[in-house]
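Laboratory data are not the source of any read-out in this text; all were calculated from the coordinates shown. In this text, all values refer to a predicted model and were calculated from it rather than measured experimentally. A quick note on method: Cβ atoms are made from the backbone with ideal geometry, for glycine too, and the neighbour counts reach across all protein chains shown.
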4 protein chains.
Amino acid sequence: MTLHPMTEAASLQALLDSDLFAPWVRELGLKVDAAERDAVHLQLPIAPRHVHGGGVLCGQTMMAAADTAMVVAISAAIGGFKPMTTVQLQTSFLRPIAGDAGAARVTARVLRRGKNLVFGEIQISDARGQLAAHATTTYAML
Amino acid sequence: MTLHPMTEAASLQALLDSDLFAPWVRELGLKVDAAERDAVHLQLPIAPRHVHGGGVLCGQTMMAAADTAMVVAISAAIGGFKPMTTVQLQTSFLRPIAGDAGAARVTARVLRRGKNLVFGEIQISDARGQLAAHATTTYAML
Amino acid sequence: MTLHPMTEAASLQALLDSDLFAPWVRELGLKVDAAERDAVHLQLPIAPRHVHGGGVLCGQTMMAAADTAMVVAISAAIGGFKPMTTVQLQTSFLRPIAGDAGAARVTARVLRRGKNLVFGEIQISDARGQLAAHATTTYAML
Amino acid sequence: MTLHPMTEAASLQALLDSDLFAPWVRELGLKVDAAERDAVHLQLPIAPRHVHGGGVLCGQTMMAAADTAMVVAISAAIGGFKPMTTVQLQTSFLRPIAGDAGAARVTARVLRRGKNLVFGEIQISDARGQLAAHATTTYAML
């Protein structure tokens, strides 16, 4: 896949909606808002299916969104999707996001792109912009 | 909830199947195999919905299983569910698990139970027992 | 200890040089450059004692600087030192820093200050401003 | 360097004492107790220089010991030292170790050795065998 600058967000959305991702992951319903050279901004809709008994967006959903968003950010940075694999992902949960908050914002950023390894950071914020989850990750290009 | 020793695995399974967990997480279909004092052993069925385009179990599913399994392990250790929240979870992905491998094994273990914080470790292995993902985590009891 | 705004950097330097830190850690020679409300900026001199056989600043030194800088950042944020302990610290090493590069820059930032837990992030950059190490951490206030 | 099985612990000790490690790191005084195929056991003496104002072994020392021990474990696993670099290291601090506790035990274990990446785990325990720090790490072979 090669990304066309004029249609980059649409191309990244097509990537997100493709069977590169598992069906269960596509059900996150992530939407690409914008792409920069080394970062992408997405919306994560807060559906009732992702809300646990405590009434907040569950952490499992935030980790899945973080990992998925980083694939999109790396694809944006390298101009298209190439086979890659997550080496590790560390997530800290700073604040809960209420289950009726509408949508969370996910920003994934490539911090360092080496030949084999890519380092990144993901921030998930609530609708008011408060940081809810913060992840760092390493990917290996295959 | 208080756990009855004679029916502990069944009680933990009921916990897993309850609305304490988000519906999207319950779809993991985790099954409690056995419980020890500080650890639980679960099966994670590898359904096609959790397999990505590369033909392997997706990492998002493994992270979700790890986090979920730790809630079960902590509940087993303290004799029932109490409100808690994940502070952080770090997962390393050591080996892929083939999408047709049947089921993965998840072992979650409490390493240290403090008054406010609980530390744990989760191992996800393939059917042959090879370690595929290794996670460490901190929980806060609320 | 209470910090006086007019002399905040000096107060934080005094904290760094006090026996709150182990002698081996004080030998890092960290210098406080500036403090903001939720962040501190320090210099880490690259002494030959911290350079390994490969000719670069060793990772052990960067982790020690990251942990130490966060204590300073939290002290700045709360207006003085209070007993605290590191719960976890995750460091990614993005680029080596040459052993003759003079000094590295360390920025530690408080991302979220809760009642019991504080979340932070530390960036270590080389003299040209390139990110060399990136850490995230959780502290517990005692 | 090639390790000779009959003298493996001595060879690994020589590695530890060589200028592959920065002088500041060698001051940890780590001693190799024993080596297995994929793991090494070391002693970390608790010197006053590594004790902070709270009277316990400082976390910076434990992280430095963890990283250093993993280099030794990987060298043991591959039969000698080869150039490598730490990609990331995550440490959780479970319990303090008293500053007068004599020596801590450090076990570093290779969990997975791939062509380019090596995954490992490090446990630091007090003299009574209680787990004080638990680290996971990824190394890249250069």
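General remarks:
- Footprinting exposure proxy ranking of C:H134, D:H50, fewest other C-beta atoms within 10 angstrom first, gives C:H134, D:H50.
- At 7 Å out from Cα toward Cβ: A:G53 inter-copy label distances (nm, ascending): 3.8, 4.4, 5.5
- Legend: ranking of residues B:K82, D:K31 from fewest to most surrounding C-beta atoms inside 10 Å; resulting order B:K82, D:K31.
- Mean residue ellipticity (222 nm) of the protein assembly as shown, computed from DSSP H runs ≥ 4 via -39,500 (n - 2.57), nearest 500: -7000 deg cm²/dmol
- Estimated inter-spin distance, B:A10 and C:N116, nm [label 7 Å along Cα→Cβ]: 3.4
- Taken as Cα centroids, region C:61-102 and region B:100-127 sit 29 Å apart, rounded to the nearest whole angstrom.
- Per-copy distances of the C:G114 label point, shortest first, in nm (7 angstrom along Cα→Cβ): 1.3, 3.2, 3.3
- Each Lys and Arg adds +1 at its Cβ and each Asp and Glu adds -1 at its Cβ; summed about the Cα centre, region B:53-142 shows a dipole of about 360 debye.
- Top of D:T85, D:T107, D:T61 by mean-square fluctuation, Gaussian network on chain D, Cα under 10 Å: D:T85
- Given C:K31/D:K31; A:K31/D:K115; B:K31/B:K115; B:K31/B:K82, the pairs whose alpha carbons are separated by over 27 Å: C:K31/D:K31; A:K31/D:K115; B:K31/B:K115
- Using R0 = 41 Å, the C-beta based FRET efficiency linking D:R95 and B:R49 works out to 0.50.
- Counting from the shortest, the label point at B:A98, 7 Å from Cα toward Cβ, is 4.9, 5.0, 5.4 nm from the same position in each remaining copy.
- Chain D holds its axis-closest Cβ, relative to the rotation onto B, at the residue and whole-Å distance D:Q90, 2.
- Distance cut-off 22 Å, percentage of C-alpha pairs in region D:18-108 lying past it: 26
- Ordered by the number of other Cβ atoms lying within 10 Å of each residue's own Cβ, fewest first, A:D33, D:D100, C:D67 fall into the sequence D:D100, A:D33, C:D67.
- On Cα atoms only, tilt of B:59-78 relative to the major axis of chain B in degrees: 20
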